[in-house]
Amino acid sequence: LSYLPVSPPTPSAPALLPQTLSASGYNTLFICPYQFFASRMLRLSPSDELLELPERRDYGQWVHQILQRYHEEVRALGTPYEQRHALMTSVSDHVFDEIVASNPAALSFRARWAARRDAYVDWANQHEQEGWQFAFGEQWYERLIEWDGGSVKLIGKVDRVDQHASGEAQVLDYKSGRK
């Protein structure tokens, strides 16, 4: 009896490749190709019944929603610096009141945000005093990347763009985790 080395199968599924790819999709591919294959190519997702508790991703979306509303209101109302902490508290409470009403497990995320929001307002006020103004946020962009034999459309949402008095622009990417 002789044993020959066996090569593992090399599956190929070009018809299942997604036409668009977001930053989170790319991250999934990079971290776990198997999860990418299941979620992005086979389009499998966990049952909604199993997603009862909020996750970090939910928290991030809520913070994005709060910051977008806050900055739009500051701009629309011309809110003075000394009134911005109260405005942030009001916007945050409004958003989290709706969330907690349908999912009480989000209370811990509400408390987490409450512990950070004043520091954010302080930073944003300082940033504005340095000449930066909120231009827009939460805007979708896409770009087609092509190569010999294929292409993919990269899609994603820009968290925030600020404009400086000098004309310079700055893209900000909100993060809710540690530095």
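Out of the residues in the range 152-168 meeting the condition of being open to solvent by 30 Å² or more (accessible area, probe 1.4 Å) and in contact with a strand residue (DSSP E or B) (Cβ under 6 Å, 6 or more places away or on another chain), tell me which one is farthest from residue 15 (Cα to Cα).
164
Residues in the range 1-35 that are touching a Phe, Trp or Tyr at 6+ places or on another chain (Cβ under 6 Å) and in contact (Cβ under 8 Å) with a residue 12 or more places away in the chain: 28 only. Restrict the check to the range 24-35 and report whether at least one residue is in a helix (DSSP H, G or I) and open to solvent by less than 30 Å² (accessible area, probe 1.4 Å). Yes: the range 24-35 contains one or more residues that are in a helix (DSSP H, G or I) and open to solvent by less than 30 Å² (accessible area, probe 1.4 Å).
Find the residue count for the range 90-116, including only residues that are open to solvent by less than 40 Å² (accessible area, probe 1.4 Å), touching a residue at least 24 places away in the same chain (Cβ under 8 Å) and either of a type outside the set (Phe, Trp, Tyr) or assigned to a loop (DSSP other than H, G, I, E, B) (or both). Total meeting the criteria: 6.
The listed residues are 124, 135, and the only one of them that is surrounded by 14 or more Cβ atoms within 10 Å (Cβ to Cβ), of a type in the set (A, V, I, L, M) and in a strand (DSSP E or B) turns out to be 135.
The values are calculated or read from the model by the stated rules, or taken from the named source; none is laboratory data. This is a predicted model, so every value here is computed, not measured. All Cβ positions, even for glycine, are placed from backbone atoms using ideal geometry, and neighbour counts span all protein chains on display. Only protein heavy atoms, including side chains, enter the accessible area calculation; ligands, DNA and RNA are left aside. Shrake-Rupley method; radii C 1.70, N 1.55, O 1.52, S 1.80 Å.
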